[in-house]
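I have placed the structure first, in the form of structure tokens, so that the comments after it can refer back to it.
The values are calculated or read from the model by the stated rules, or taken from the named source; none is laboratory data. Because the structure is predicted, anything quoted here is derived from the model rather than measured. Cβ sites come from the backbone with ideal geometry, for glycine too, and all protein chains shown count toward neighbours. Note: accessible area is taken over every heavy atom of the protein model, side chains too, but ligands, DNA and RNA are not part of it. Shrake-Rupley method; radii C 1.70, N 1.55, O 1.52, S 1.80 Å.
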Amino acid sequence: MEDPTGIAALAKVLPPDLGADEEIDWPAAEARWGTRFPRDYMAFMSVYGAGSFDEVGILMPLPKEYIQWDPGTFEEETENARYTWEMLNGQEGLDIDPDHILAWGITSGPDILCWLTTDPDPDQWPVLVCGRHTRDDFTLFACGMVEFLRKLLLDEYDPYPLSIGLRDPRYVHWLEKQRRWKAGLDPCSGEPRPTDQ
């Protein structure tokens, strides 16, 4: 049976073994943002949850209680992406109402990974990358979030869409990262942290 969310294909290149069901209150998230969410994002949250691989972080639509540091939600990065669009007075070749930019991820670059939410069907929202140090400030990709991540991991983009490269991607849920930090371990690798940190 075909997987319309693409999660099975993503799991082949990004094992979800350190992921966790985020248990999002989807009605509350929809009420907060005034929209439904793409099925692939919802599936991603149920398998991987919020967290990161390498230098790419996936955000939550609503805040949650945390152990050590705020794991990040759409709020701040959506404001940053919209502000960047407005400060640049847009970009030639793209006709975008900044109110239709909704952030779902970030990189250490610091790029902002967004959806362009103009289509009434969230499953048709393309990915919009706000690249802070890339060739174009904004780049549109005609695919959903999960397919974008899969292609990113397989290095199928030319030019590469982010300002950072991926070295050894392993997805780690945000709670696991914070548990590791409190235990004196590197939050990404799980190895002991140098004592000077």
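Here are a few things to note about the model shown:
- Filtering THR118, THR73 for residues that are out of contact with any Cys (no Cβ under 6 Å at 6 or more places or on another chain), open to solvent by 60 Å² or more (accessible area, probe 1.4 Å), hydroxyl-bearing (Ser, Thr, Tyr) and under 19 Å from THR35 (Cβ atoms) leaves a single hit, THR118.
- Some residue of segment 78-86 being more than 16 Å from PRO110 (Cβ to Cβ), open to solvent by 10 Å² or more (accessible area, probe 1.4 Å) and either modelled with pLDDT under 90 or outside any loop (DSSP other than H, G, I, E, B) (or both): yes
- Scope segment 133-154; condition modelled with pLDDT under 90 and either surrounded by fewer than 17 Cβ atoms within 10 Å (Cβ to Cβ) or part of a strand (DSSP E or B) (or both); matching residues: HIS133, ARG135, ASP136
- Selected residue (criterion: surrounded by the fewest Cβ atoms within 10 Å (Cβ to Cβ)) from residues of segment 19-57 that are charged (D, E, K, R), touching a Pro at 6+ places or on another chain (Cβ under 7 Å) and more than 25 Å from GLN178 (Cβ to Cβ): ARG36
- The listed residue being in contact (Cβ under 8 Å) with a residue 24 or more places away in the chain and farther than 29 Å from SER189 by Cβ, out of THR84, THR5, THR107: THR84
- Flag if ALA103 is farther than 19 Å from GLY6 by Cα and either open to solvent by 50 Å² or more (accessible area, probe 1.4 Å) or in contact with a strand residue (DSSP E or B) (Cβ under 7 Å, 6 or more places away or on another chain) (or both): yes
- Single condition ILE7 does not satisfy, out of (1) at pLDDT 90 or above; (2) in contact with a strand residue (DSSP E or B) (Cβ under 9 Å, 6 or more places away or on another chain): (2)
- Within segment 87-100, being assigned to a helix (DSSP H, G or I) and either open to solvent by 50 Å² or more (accessible area, probe 1.4 Å) or in contact with a strand residue (DSSP E or B) (Cβ under 9 Å, 6 or more places away or on another chain) (or both) holds for MET87, ASP99, HIS100.
- Pairs with Cβ under 6 Å, 6+ apart, first in segment 32-50 and under 16 Å from GLY144 (Cα atoms), second open to solvent by 40 Å² or more (accessible area, probe 1.4 Å) and assigned to a helix (DSSP H, G or I): ARG36/GLU30; PRO38/ASP123; ARG39/ASP123
- Extreme residue, modelled with the lowest pLDDT, among residues of segment 167-197 that are touching a Leu at 6+ places or on another chain (Cβ under 7 Å) and more than 23 Å from VAL47 (Cα to Cα): ARG193
- Some residue of segment 58-68 being under 16 Å from the mean Cα position of the chain (by Cα), among the polar types (S, T, N, Q) and at pLDDT below 95: no
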